[in-house]
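Worksheet for the structure shown next.
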Amino acid sequence: MKYYAGVDLGGTNIVCGLLDEQFNLLDKVKRPTEAAKGADHVIGRIAEMIQELAAKRELPLEAIQSVGAGIPGLIDPIQGICRFAGNLNWRDLDVSARLSKLLNIPVFIDNDVRMYALGEAEKGAGQGYPVVFGITLGTGIAAALVENGRLYYGGRYIAGEFGHIIMEGETRTCGCGMVGCLETVASATGLAKQAREHIASGKETIMKTMVSSPDELTAAHISRAYDEGDQVAVDIMNHTGTLLGKGLSYAVTLLNPDVVVIGGGAANAGERIFAPMRKELQRLLLPMYWDHLEIKTAELLDDAGVIGSAVNAAKRAG
Ligand SMILES: [Zn+2]
């Protein structure tokens with residue numbers, strides 16, 4: 001029996017999982033990342049977590065064929081180097097070499113959203129579809145393309161920064177420095193920001209009564225207000241869904257996916273956003289793209305990154 005380990009490394013938490021050769025997740029552990037304590041601490045902790053998973057099953061560490069890790073940032077998957085990860089404060093860090101030295105197992109790192117998309121493509125909502133376009137609507141927006149089990153990287157491994165396409169008419173400054181990026185509207189943060197702006201402009205909405213300060217508003221509050229028929233919340237969801245549909249129409253035309261898998265915190269808004277998004281997609285896409293396009297919500301939730309990382313490591317290790 002062969003085993004694989006997958007790691008989902010976030011700015012707040014690390015999740016490590018042990019998987020069998022069919023990539024069923026057998027067990028997982030979660031610990032705080034404690035990025036402020038430095039890279040050696042974080043990488044050492046990942047090694048300990050993997051040792052713990054093996055020990056729990058009374059497996060020798062050598063039973064684990066390879067380790068995959070998804071990291072939020074710019075990753076060179078071939079060199080195994082994290083070029084930049086803002087949340088972790090990492091720059092040009094040889095993560096694969098360091099972790100592999102601690103465990104004596106081959107390690108393959110990659111971008112976290114690619115690992116999410118690969119996980120969903122292999123074991124989640126994208127299973128059975130040849131071409132899967134995975135997007136996450138979280139703090140920001142990112143995307144990755146999986147074609148018959150293979151990831152598309154682009155020339156410098158930075159394909160898929162879908163949140164930073166510029167939407168005409170949008171005026172908010174993005175974290176990247178540009179103005180009008182899709183993620184300033186359609187991410188979880190973008191939704192909350194829209195709600196705060198409506199309140200600041202004096203609009204009447206029940207969202208004001210849901211929190212003691214508008215700073216506490218989240219995408220979940222907007223969903224709740226929407227369900228109670230609040231016009232401001234309805235307007236926000238319609239605008240967000242329409243804009244997301246417009247952005248997606250460009251991606252779908254270029255990439256011709258069989259399925260778009262949508263995950264991340266803002267995806268919990270579900271049909272409140274997806275209904276106007278579909279309407280806009282149908283309006284903007286040629287029928288040959290729209291007719292067979294499936295749109296699904298992610299199924300693996302927090303496990304997608306762990307599973308995708310393990311799958312990726314197994315493929316890379318050959
Ligand atoms: Zn941007």
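Just so it is clear, none of the values below were taken in a lab; they were calculated from the coordinates. Only a predicted model underlies this, so the values are computations on that prediction, with no experimental measurement involved. Quick reminder, even Gly has a Cβ in these numbers, built from the backbone with ideal geometry, and neighbours come from all protein chains shown.
If a residue counts only when it is closer than 23 Å to residue 146 by Cβ, which helices (runs of 4 or more DSSP H) contained entirely in the stretch 212-318 have at least 2 such residues?
Filter on the stretch 212-318 gives 231-255, 271-284, 287-290, 304-317.
Condition check: in a loop (DSSP other than H, G, I, E, B), free of Cβ contacts under 8 Å to residues at least 60 places away in the same chain and under 18 Å from residue 313 (Cβ atoms). Does residue 18 satisfy that?
Considered against the rule, which asks whether it is in a loop (DSSP other than H, G, I, E, B), free of Cβ contacts under 8 Å to residues at least 60 places away in the same chain and under 18 Å from residue 313 (Cβ atoms), residue 18 comes out as no.
Are any residues in the stretch 104-148 touching a Ser or Thr at 6+ places or on another chain (Cβ under 6 Å) and among the aliphatic types (A, V, I, L, M), and if so, which ones?
107, 109, 113, 115, 137, 141, 142
Mind listing just one residue for me: the one in the stretch 106-135 that is of a type outside the set (Gly, Ala, Ser) and part of a loop (DSSP other than H, G, I, E, B) and, of those, nearest to the chain's Cα centre (by Cα)?
Ranking the qualifying residues of the stretch 106-135, first place goes to 127.
Does residue 205 satisfy the criteria of being away from the ligand (no atom under 14 Å from the Cβ), in a loop (DSSP other than H, G, I, E, B) and among the β-branched types (Val, Ile, Thr)?
Answer is yes for this residue.
Could you please find all residues in the stretch 146-172 being touching a residue at least 40 places away in the same chain (Cβ under 8 Å), more than 11 Å from the ligand (Cβ to nearest atom), in a loop (DSSP other than H, G, I, E, B) and aliphatic (A, V, I, L, M)?
Across the stretch 146-172, the qualifying residue is only 158.
Give just the number: which of (1) in contact (Cβ under 8 Å) with a residue 24 or more places away in the chain; (2) part of a loop (DSSP other than H, G, I, E, B); (3) away from the ligand (no atom under 14 Å from the Cβ) does residue 175 not satisfy?
Failed condition: (3).
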